[in-house]
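The values are calculated or read from the model by the stated rules, or taken from the named source; none is laboratory data. Everything numeric in this text was worked out from a predicted model, so none of it was measured. Ideal geometry is used to build each Cβ from the backbone, glycine not excepted, and the neighbour counts take in all protein chains shown. When the accessible area is computed, the model is the full protein with side chains, heavy atoms only, and any ligands, DNA or RNA have been set aside. Shrake-Rupley method; radii C 1.70, N 1.55, O 1.52, S 1.80 Å.
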Amino acid sequence: MNMYCKGVRCLIKSRFYPKIKQNNKNYKYEITLSIGGNIGSKAQIIKRFNNLYFALTKDKRFFVLKSSPIIKNAAFGYTEQADFLNAVLKLKTSLYAGEILKIMQNYEKKFGRKRSFKNAPRTLDIDLVNFSAKTKQSQRLRLPHPQAHTRLSVILPLALIGEIL
């Protein structure tokens, strides 16, 4: 299925994207993660997304509720780089936002993420976009994510699973 929408190139389905599961666990919070990557082939990036999904389903601290289809879209910020693949995940957890941030940064490292400069190409980027509609302002974390509502890489995947920011 192809879809053209200012920077969005196409929709891609894979083993775990899209997927919707019934919540059968009691967790306190619902969170939204935005994931992306543009280093490697399309198959390599999708494999990282699938591996992340699988790792999160095995991680007892989380319950994966939904995943969107993957979209291919133009890079923003630093535009002299390859197109990105992006998707969103809705999860349940009882962890606090700061703990989630640390865990997601560890997952990024596990998948080879290096932070060279702002908006640099990356193997895997995981952003905590929303945390049960709560707000947080700190040096390390701002919730909801300050640019999420302006990024098609977040808005479109959310819309495809019937969610809004």
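Quick rundown of the values:
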{"read-out": "Boolean, residue 106 is outside any loop (DSSP other than H, G, I, E, B) and touching a residue at least 24 places away in the same chain (Cβ under 8 Å)", "value": "no"}
{"read-out": "Filter result for residue 16 (aromatic (Phe, Trp, Tyr), at pLDDT below 95 and surrounded by fewer than 19 Cβ atoms within 10 Å (Cβ to Cβ))", "value": "no"}
{"read-out": "Qualifying residue in the range 52-64 (condition: in contact (Cβ under 8 Å) with a residue 60 or more places away in the chain and surrounded by fewer than 21 Cβ atoms within 10 Å (Cβ to Cβ))", "value": "no"}
{"read-out": "Matching residues, the range 121-150, being charged (D, E, K, R) and open to solvent by 50 Å² or more (accessible area, probe 1.4 Å)", "value": "134, 136, 140, 142"}
{"read-out": "Filtered residues of the range 106-120 (kept if on the phi < 0 side of the Ramachandran plot and either open to solvent by 60 Å² or more (accessible area, probe 1.4 Å) or among the small types (Gly, Ala, Ser) (or both))", "value": "106, 109, 110, 114, 115, 116, 117, 118, 120"}
{"read-out": "Members of the range 65-105 found to be among the hydroxyl-bearing types (Ser, Thr, Tyr), open to solvent by less than 30 Å² (accessible area, probe 1.4 Å) and more than 24 Å from residue 41 (Cβ to Cβ), listed by number", "value": "93"}
